[in-house]
Protein chains: 2
Amino acid sequence: MFSQTFPKKTPLKIAVLGASGAVGQEILTLLAERSFPVEELRLLGSSRSAGIKHIWKGSELEIQEVSAESFENVDLVLASAGGAVSRRWRRIINAAGAVMIDNSSAFRMEGDVPLVIPEVNPQALSDHQGIIANPNCTTILLALALAPLAKIAPIRRVVVSTYQSASGAGAKAMEELKELTKDVLEGATPVNTVLPYSLAFNLFLHNSPMQSNGYCEEEMKMVNETRKIMQMPDLPFTANCVRVPVLRAHSEAVNVEFVEPFSTQEAKKILSRSPGLAIIEDFENNRFPMPNDVAGKDLVAVGRIRQDISNPNCLEFWLCGDQIRKGAALNAIQIAELLLKAHE
Amino acid sequence: MFSQTFPKKTPLKIAVLGASGAVGQEILTLLAERSFPVEELRLLGSSRSAGIKHIWKGSELEIQEVSAESFENVDLVLASAGGAVSRRWRRIINAAGAVMIDNSSAFRMEGDVPLVIPEVNPQALSDHQGIIANPNCTTILLALALAPLAKIAPIRRVVVSTYQSASGAGAKAMEELKELTKDVLEGATPVNTVLPYSLAFNLFLHNSPMQSNGYCEEEMKMVNETRKIMQMPDLPFTANCVRVPVLRAHSEAVNVEFVEPFSTQEAKKILSRSPGLAIIEDFENNRFPMPNDVAGKDLVAVGRIRQDISNPNCLEFWLCGDQIRKGAALNAIQIAELLLKAHE
């Protein structure tokens, strides 16, 4: 049982799989920033990324092409190279005795894989089998605010509309947004190659594969993952996911129906005491969270908590969070920190 | 009674009040494009705009500073200079015998002022008293899709999230979005002066004045105007309005609860036959309306009509429409065309 034996010792030998990506890069930053106990750091990637150099805590590291040998003697793998890569190396990583914290969606809905937001369901970590899944960015941001409210009063239904940044599609999508925006400003026709349409001064419904129920994969991730994390498998939940021309922070407009009315004052009190959240709420000056407030920041900003005028049992709120940080890399590092803490 | 006597004759003497603004400019374009019967065209504006020249159908016209004399012998005033200006000149315009089609929110909720979307409630025009109000942009786009459905089956509740372009705050806001975006791309700090925050790669909850119920004015306009136009004064309705870094088209994510289930097939059939709408819906290729599809276009694009998985009585759809055109100038011109038609 991994959960009984990990980690055998600190500091850890860590492999970062997908080290050249937006999330991989942020993981490297956070390992240094948070003084994570690292004995050895291996940067792994595809053959395309192999050879790219990265300075980490003053040492030059080079990305190596991932192979079975990459995981020998490694304690912890932080993976953010997509589902196919995670699936391919899963058994080899675990067979080498390493625990994988995986940013992809590959294993999130598997019954014996904990899907963890440290502030929300740390207890789920206790029986992991060597793989711990990091939830989808939109799910993490939402559940941080939803879970504390659900603890106080039962939720009947959730309706969410998202405003998702380019970073969710990776570093190349961020670069493309900047390039195409420059093209539009210079009067040229933007030609997209990374995202399916130009995001320059434009937006579109999330482009993940469409499911037979008319929802895209991103929307169903949000629905299913929130249900799993909050242990509410039948929670009525609808999500409308939209990609907007913002670089690295997601926003969400949330409408929550409770079984009974829930006072906005109480909700604000609860959210202001909940870990991982910061309240930005000034009704008088109409000042609420914006992507610019949270880019590069750890906390998810919540505000404009209000009574829905269309239903006495509904509250509405608005949130913004850094997609790369709390929406991915930070949450993964916090899971690793929780693993260490459990075995101190 | 204006409605009995207007217009006395065609072509008309027309004054465009607020001729230098984004909507005013589009009104001038549409009057020419649609061969509106114009005998004389007067461009009116503030002292700041006075003297600005505009070529209209090959003739050079100059914006004059508005005064009481501006409306002498005018048949029709197309006003888009803001509520204060419309309020100031209302009686003088009507006293001069002219009808005013007003783009501001000044008179929209007055009992004897028809609030008209020609495709939705043309009958409301019949008893106007010299002032006809043009609805808010978000209201027009939404009601075009909502009204045909409400004719078939009673609606219980509407939940909307908007994705509103800079143009809703005027030509200067569009210019600022471009300028600040350029600044960000060049590594400079964007300094906003028109909008309350930089919209460059950023977004924020709509900045119109906050009401005591926690909704901003823009949101309450959408709620109250939709209720008036659809003659459903108690319709439960909540709107979440957000300004996004798009130039001139608004998008809306709409969740409609009916009293009973409403099939998506029937809804699509109805919307595809409804005037003013174009369906852009390709589930297989995940292709739905985008702001880029509708910028500068007359039709409002609707798509991704789907069954809400969280409530059997709810349908969801997504729409995009040009804010300056159908959201303002085109709707005003269509009202004028309807006035002419009624007296042919």
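The values are calculated or read from the model by the stated rules, or taken from the named source; none is laboratory data. Everything numeric in this text was worked out from a predicted model, so none of it was measured. Please note: Cβ atoms are built from the backbone with ideal geometry, for glycine as well, and neighbour counts cover all protein chains shown.
Quick rundown of the values:
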read-out	value
Test: residue in the range A:294-305 that is within 13 Å of chain B (Cβ to nearest Cβ), surrounded by 20 or more Cβ atoms within 10 Å (Cβ to Cβ) and basic (Lys, Arg)	yes
Boolean, residue B:221 is within 30 Å of residue A:179 (Cβ to Cβ) and either under 21 Å from the mean Cα position of the chain (by Cα) or in a helix (DSSP H, G or I) (or both)	no
All strands (runs of 3 or more DSSP E) inside the range B:95-169 with 3 or more residues being surrounded by fewer than 24 Cβ atoms within 10 Å (Cβ to Cβ)	B:155-163
Selection status of residue B:221, closer than 14 Å to residue B:137 by Cβ, more than 8 Å from chain A (Cβ to nearest Cβ) and either in contact (Cβ under 8 Å) with a residue 12 or more places away in the chain or not hydroxyl-bearing (Ser, Thr, Tyr) (or both)	yes
Condition check for residue B:336: surrounded by 24 or more Cβ atoms within 10 Å (Cβ to Cβ) and in the same structural domain as residue B:101 (by TED's automatic domain parsing)	yes
Selection within the range B:3-37 - surrounded by 17 or more Cβ atoms within 10 Å (Cβ to Cβ) and among the aliphatic types (A, V, I, L, M)	B:12, B:14, B:15, B:16, B:17, B:19, B:22, B:23, B:27, B:28, B:30, B:31
Meets criteria (outside the structural domain of residue B:220 (by TED's automatic domain parsing), crowded, with 24+ Cβ neighbours inside 10 Å, farther than 25 Å from residue B:342 by Cβ and in contact with a helix residue (DSSP H, G or I) (Cβ under 8 Å, 6 or more places away or on another chain)) for residue B:44	yes
Test: residue in the range A:34-44 that is within 17 Å of residue A:83 (Cα to Cα) and without any contact (Cβ under 8 Å) to a residue 60 or more places away in the chain	yes
First in the range B:65-83 and closer than 15 Å to residue B:132 by Cβ, second anywhere and at pLDDT 95 or above and part of a helix (DSSP H, G or I), Cβ under 6 Å, 6 or more apart	B:77/B:93; B:78/B:27; B:78/B:332; B:79/B:86; B:80/B:23; B:80/B:24
Sole residue being more than 14 Å from chain B (Cβ to nearest Cβ) and either more than 17 Å from residue A:154 (Cα to Cα) or of a type in the set (Phe, Trp, Tyr) (or both), chosen from A:278, A:239, A:249	A:278
Test: residue in the range B:91-114 that is out of contact with any helix residue (DSSP H, G or I) (no Cβ under 9 Å at 6 or more places or on another chain) and of a type in the set (Gly, Ala, Ser)	yes
Test: residue A:214 is at the interface with another protein chain (Cβ under 9 Å from one of its Cβ atoms), assigned to a loop (DSSP other than H, G, I, E, B) and surrounded by fewer than 18 Cβ atoms within 10 Å (Cβ to Cβ)	yes
Matching residues, the range B:276-315, being touching a helix residue (DSSP H, G or I) at 6+ places or on another chain (Cβ under 9 Å) and within 27 Å of residue A:234 (Cα to Cα)	B:305, B:306, B:307, B:309, B:310, B:315
Criterion violated by residue B:228 - all others in (1) away from chain A (no Cβ under 11 Å); (2) closer than 26 Å to residue A:216 by Cβ; (3) buried (at least 16 other Cβ atoms within 10 Å of the Cβ); (4) among the charged types (D, E, K, R) satisfied	(2)
Search result, residues across the range A:168-207 that are among the small types (Gly, Ala, Ser) and more than 8 Å from chain B (Cβ to nearest Cβ)	A:168, A:169, A:170, A:171, A:173, A:187, A:188, A:200
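Okay, residues lined up against (1) modelled with pLDDT under 95; (2) of a type outside the set (D, E, K, R); (3) assigned to a helix (DSSP H, G or I):
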residue	(1), (2), (3)
B:9	yes, no, no
B:15	no, yes, no
B:35	no, yes, no
B:47	no, yes, no
B:54	no, yes, no
B:74	no, yes, no
B:84	no, yes, yes
B:91	no, no, yes
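Matching residues to (1) within 19 Å of residue B:287 (Cβ to Cβ); (2) in contact with a helix residue (DSSP H, G or I) (Cβ under 8 Å, 6 or more places away or on another chain):
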position: A:191; (1), (2): yes, yes
position: A:194; (1), (2): yes, yes
position: A:199; (1), (2): yes, yes
position: A:219; (1), (2): yes, no
position: A:224; (1), (2): no, no
position: A:239; (1), (2): no, yes
position: A:250; (1), (2): no, yes
position: A:261; (1), (2): no, no
